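Student: Just passing along the structure, written as C-alpha cells.
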Amino acid sequence: MALWGISTTTETAANNYAIPKHLSENDRNNTPWNCFADVRGWVYRRYGTSEHSGLSSSYYDEVLVPVVGLNSTAPTTDAGATGIGTAGPVAVFFEDPNRSSRISLGIGNGTSGIATNTTGYVHVVFNELVFAGAGATVRIRTFDANNANESTSIVGTAASSGSTQYAWSSTAALHGSPDVFENFNGQVTNRVAFAFTTPSTVLAANVNFLTTQTTSGQTVAIGGTNIFVNSITGVSVGSSLTVAGKLTNVPVVAVGNTYVQIGTASTIGSTITQNLSVTFSTRTNATKLKIDLPSGFVGVITDGSSAVGVISSFTSQFGDVLLRNIGGSGTTSDVGIGTTTLTVA
C-alpha cells in the first residue's frame, strides 16, 4: 500500500506530496492533479468536458482506494496514522487556452501563447478537497520577451462556480450520498481556478538570436553603412544590429553575402574595426506572464475536512517545484502553456 501514500504525513516533492506515487504527470490518460483525498479515501475526478482543461461542473468521482481518515489531521506521535493532515498545494500552472481535455505533459494542441485582452486561468491544485471562497486572488507578474523589464502585475481572482457543488463529509459517508452546496459562494474542488484578463497591449524588446564578429581585415570608416560580418544566418531586413561600443539596436536595411547594411541615419562618427563583437536581434512584441509563487494566494481557502485555512504561500515549504510543466500544450520550453510562463502576443 506504500504506493498510495497512506503511511506518511509528510507532504513534500520527495514523496509526491502524499499523492499516490504511481500517478505520473507524463501519463496520457491520468494525471495526479485530478486525484485528491477526501473522507472516502483517494479519489480520482474524471471531468466530462474540456472546460478549463477538463475542470468543469460535469464530472464523476472514482474511488481508487478507500481509506478511513485519509484526509484528517492525525496525531504525529501515532506511527500508524493514515491522515495526511491539512490540505497542501501540489501544483500551480496556467490553463491551456485550447482547453485540451488532457492536461498531462506531451498532450494537446501545442499552444504557444494567448491573445491580448483575453480571459486566462491559473490553476492551484491541492491534495485534498478544499473550499475556496469567491474573491481569493493570485498575483501574476509581467515581463518582456527577454524575461526582463518587469511591468504592471495582474490579479487572478477565484469566482463562484455558479453551479450546485458536492463534498463528502463523515456524516455524508454514513448515509451514502454527498453533502450538497447549492449556494456556496466559491469553489468546492481540489483544483481552484483563478481567472485573469491578459494585457490589452504588450511589451516590446529586442531579442538576441545571433552573435558574430566584424570580418577580419575589414574596417568601416566614419559614415560607412556596410558592415562585414562572419555570419548572416537568420539575418533579414528589419533585424537589429549592435556593434560592441559603437552601435546599439540599429535597423538592418539590406543584407549582402558577407555584410549587412544600415541606414545613413544610424552611422556614427568613429571607425568600426575588425573583430568587434556584432549581435543581431529581432524586435519582439510580447508579454510573458509568470505566477508569483512567493505571494501565493490571498483570501479564504479552507481544508475540506477540518475547515482550517490551508497553506497560502507556494514556496514556504515546497519551492519552485510546484510550477508544473503540464496543461495540455505538449511543450517543454519556458514559453508555453502549462509551464512557468505564459506568453501574450
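Just so it is clear, none of the values below were taken in a lab; they were calculated from the coordinates. Note that the coordinates shown come from a computational prediction; the quantities given were computed from them, not determined experimentally. FYI the Cβ positions are ideal-geometry reconstructions off the backbone, even for glycines, and counts take in every protein chain you see.
Student: Arranged by the count of other C-beta atoms within 10 angstrom, fewest first, what order do Ser240, Ser160 take?
Tutor: By the 10 Å Cβ count, ascending: Ser160, Ser240.
Student: Rank the residues Trp168, Trp42, Trp33 as a footprinting-exposure proxy: fewest other Cβ atoms within 10 Å of their Cβ go first.
Tutor: So the ranking, lowest neighbour count to highest, is Trp168, Trp42, Trp33.
Student: Can you list the residues, at least 5 places off or on another chain, whose amide H is less than 5 Å from the amide H of Gly83, using H built in the peptide plane?
Tutor: Ala74
Student: What list of ³J(HN,Hα) values in whole Hz, one per residue of the stretch 116-127 in order, does the Karplus curve 6.51 cos²θ - 1.76 cosθ + 1.60 (θ = phi - 60°) give from phi, with Gly and Pro shown as x?
Tutor: Taking θ as phi minus 60°, the curve returns 5, 6, 10, 7, x, 9, 9, 9, 10, 9, 10, 8 Hz for the stretch 116-127.
Student: Same structure again: Through the Karplus equation 6.51 cos²θ - 1.76 cosθ + 1.60, θ set to phi - 60°, convert the phi angles of the stretch 212-223 into ³J(HN,Hα) values in whole Hz; use x for Gly and Pro.
Tutor: So the J values, rounded to whole Hz, are 9, 9, 5, 5, 4, x, 10, 10, 10, 6, 3, x.
Student: What is the set of long-range amide H partners of Val65 at a cut-off below 5 Å, with H atoms built 1.01 Å from backbone N?
Tutor: Trp42
Student: Rounded, prolate or oblate: which one fits the stretch 206-283, using the alpha carbon gyration tensor with axes a ≥ b ≥ c (rounded when a/c is under 1.5, else prolate when a/b beats b/c, else oblate)?
Tutor: Note, shape of the stretch 206-283 comes out rounded.
Student: Cβ neighbours within 10 Å, averaged per peptide: list 220-226, 151-157 in order, most packed at the top.
Tutor: Taking the mean over residues of other Cβ atoms within 10 Å, the ranking is 151-157, 220-226.
Student: Oh, and also: Which residues' amide hydrogens lie under 5 Å from the amide hydrogen of Leu247, considering only partners 5 or more residues apart or on another chain, with H built in the peptide plane?
Tutor: none
Student: Pop the C-beta distance of Thr264 and Ser58 into the FRET formula with R0 = 41 Å and round what comes out to the nearest 0.05.
Tutor: My answer for the efficiency is 0.05.
Student: Rounded to the nearest Å, what's the spacing between the alpha carbon centres of the stretch 264-284 and the stretch 181-235? Just the number, please.
Tutor: What the calculation gives is 20 Å, centre to centre.
Student: Taking θ as phi - 60°, what are the ³J(HN,Hα) couplings along the stretch 87-94 by the Karplus curve (6.51, -1.76, 1.60), each to the nearest whole Hz, with x for Gly and Pro?
Tutor: After applying 6.51 cos²θ - 1.76 cosθ + 1.60, I find 4, x, x, 10, 6, 9, 7, 7 Hz.
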